[in-house]
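Only one structure is covered here, and it is reproduced in the block below.
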Amino acid sequence: AALAGKTKEAMNLLQEAVCKEGFWYSYESLMEDEDLEELRKDPAFERIANICRQRQEEAQSAAEPVLAADDLQPGMPVLLALHGALRNITLTVPYWQAAKEKGYCLACLQSDEQQFSNAYSWDDEQQAALHLAGSWKTLQEHGARLETSILAGFDSGARAALYAVLSGAVTPKGLILVAPWLPELEEWSEEFSALKEKGVRVYICCGDADEDCFESSEQLFELLDEEGVEVDFKLCPDLDHDYPENFDQLLGEAIDFVAGE
């Protein structure tokens, strides 16, 4: 609405979201987003932005990582999935349900890096690795069979999962990386030999229309293959930055691959 010149409508929408519905948005985003430049000329915008800043500070001070595991039985392997940027457990769990059909307990970890109302990211990979290590230990204490368990993620969640394994925080049987966001790929490539040494198998899935992640996904596959890592790459034609429509089927294939079946 703001870009279309409908500034009054845009302000009404923003006021409804923040003042009526109780949502909040990153103060930095509100003040720096070029799309909102015209709205910042309205004195009411600054008041709304300050409300968001206060809510943001309160939310971030209280935020903690959240681990959810669905019906974990002693001796079961786990598929632990990480959400993508600006997502959460609720939005993520439905995509990974097919793991249950393969005999895995489905678990999901939600970051403590809150960016918007109920929207979380994995910007700090070192902090994410610590949280993953703690969650891995918790799952083990509840009877999970970690030597055959899988770590998975979408977007920045895939990046956090890969880093956690490279750093030695966790050692799963395999990694399933969907549209992985990998800005530090070349920097991390020196550590890829550790995946072969640990016997970690990697399945990569990405669309060729994903402008942010396709090239790095392809490069990751090539680098891992050169290192002798057991790796597979599923190319999804015409898919943008999203899960493929047949992800249930692909997830089954991915699990079989990383499990060595």
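The values are calculated or read from the model by the stated rules, or taken from the named source; none is laboratory data. Here the structure is a predicted model, which is why all the values come from computation and not from measurement. Positions of Cβ are backbone-derived with ideal geometry, glycine not excepted, and every protein chain shown enters the neighbour counts. Accessible surface areas use protein heavy atoms only, side chains included; no ligands, DNA or RNA. Shrake-Rupley method; radii C 1.70, N 1.55, O 1.52, S 1.80 Å.
Data table
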{"read-out": "Enumeration of residues in segment 217-249 that are within 18 Å of the chain's Cα centre (by Cα) and open to solvent by less than 20 Å² (accessible area, probe 1.4 Å)", "value": "217, 220, 243, 244, 247"}
{"read-out": "Which numbered condition residue 245 misses (of (1) farther than 24 Å from residue 94 by Cβ; (2) in a loop (DSSP other than H, G, I, E, B); (3) free of Cβ contacts under 8 Å to residues at least 12 places away in the same chain)", "value": "(1)"}
{"read-out": "Residue within segment 176-198 that is open to solvent by 10 Å² or more (accessible area, probe 1.4 Å), under 17 Å from residue 260 (Cα atoms) and not in a helix (DSSP H, G or I) present", "value": "no"}
{"read-out": "Search result, residues across segment 201-212 that are buried (at least 24 other Cβ atoms within 10 Å of the Cβ) and assigned to a loop (DSSP other than H, G, I, E, B)", "value": "none"}
{"read-out": "Exclusive hit being in contact with a helix residue (DSSP H, G or I) (Cβ under 6 Å, 6 or more places away or on another chain) and at pLDDT 95 or above, set 67, 36", "value": "67"}
{"read-out": "Count - residues of segment 145-169 that are open to solvent by less than 10 Å² (accessible area, probe 1.4 Å) and assigned to a loop (DSSP other than H, G, I, E, B)", "value": "1"}
{"read-out": "First in segment 201-230 and farther than 16 Å from residue 191 by Cβ, second anywhere and acidic (Asp, Glu), Cβ under 6 Å, 6 or more apart", "value": "201/230; 203/232; 207/240; 209/238; 209/240; 210/240; 214/208"}
{"read-out": "Flag if residue 172 is assigned to a loop (DSSP other than H, G, I, E, B), open to solvent by less than 20 Å² (accessible area, probe 1.4 Å) and under 18 Å from residue 212 (Cα atoms)", "value": "no"}
